[in-house]
Structures are given as C-alpha cells and as structure tokens.
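See below for the structure under consideration.
The values are calculated or read from the model by the stated rules, or taken from the named source; none is laboratory data. On a predicted model such as this, the values are computed, not experimentally measured, just so you know. Cβ coordinates were reconstructed from backbone atoms using ideal geometry, including for glycine residues, and neighbour counts include every protein chain displayed. With ligands, DNA and RNA removed, areas are computed over all heavy atoms of the protein, side chains included. Shrake-Rupley method; radii C 1.70, N 1.55, O 1.52, S 1.80 Å.
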Amino acid sequence: MADYRDHYDEIRAYGSNLAAVSVDPPQTSEAVRRDLRLPFKILCDTARRVVRQWDIYNSRERGGIAKPAVFIIDPGRTVRYASVDGVSSRVAPPEIVRLCK
C-alpha cells in the first residue's frame, strides 16, 4: 500500500480516488494507515461480505483475508479495470496512474 501512497497525488490529479479494503477491525486498519502514512482510507469489512462478493476472499490465510486486488471504478460505478493479484506480484502503481488517465 505504501507504493500506492507514493503515487496518490498523481492518481488524484486525474480525478480518481483510492481506498483500500481490509478484513481487520477499524482500530487495526487505522493503525496501519497511520504507520504507513497513507493519505487514503482503509475500509473495514470485518464481516467479509465485500471481499466475498468481489471474489477476493482468501479463506486459507489467517482465518480469511482479502486477496491483493485493484479495481478501477468509474463515477457511474462501472468496473473499468480489475486485477486480483498475488502477494509477491501486484499491479505497479505507475500502471494504475496510466489507467486513470
């Protein structure tokens, strides 16, 4: 998430916004957000509803966590880009910036 932090201003410059989704409780997510100095929100899905609906639920890790994923959603709520990634390989932030143009 720190990589996305470093490109946050570029993403915002194109009129896009950024948010993360976590299955952790709000206190944990807020601590992570502060520790990493993230300028964007971490949305908490402790019931794991959203991660299941978006098919990014990984039940095999630590009691069920969200898979790393990137979704670009336009103002009409249409998904324009989706990538469900692995822990070791994620969409590079410059690619996200390019897709937001």
Just need the relative contact order of segment 56-101 here, percent rounded to a whole number, with Cα pairs under 8 Å and 6+ apart. 27 percent
So who's got an amide H within less than 5 Å of the one on residue 41, skipping anything under 5 residues away but keeping other chains? H placed 1.01 Å off N, in plane. 20
Other-chain or far-sequence residues with amide H under 5 Å of residue 73's (modelled H): 80
Determine, from the Cβ-Cβ distance of residue 12 and residue 47 and an R0 of 41 Å, the FRET efficiency 1/(1 + (r/R0)^6), rounded to the nearest 0.05. 0.90
Share of accessible surface on carbon and sulfur in the chain, whole %, 1.4 Å probe and ligands ignored, is 47 percent
Yeah, segment 18-63 with a ≥ b ≥ c from its alpha-carbon gyration tensor (a/c under 1.5 is rounded, else prolate when a/b outruns b/c, oblate otherwise) is prolate
For residue 24, distant residues with modelled amide H under 5 Å away: 45
Considering only C-alpha atoms, what is the centroid distance from segment 70-101 to segment 1-64, in Å? 13 Å
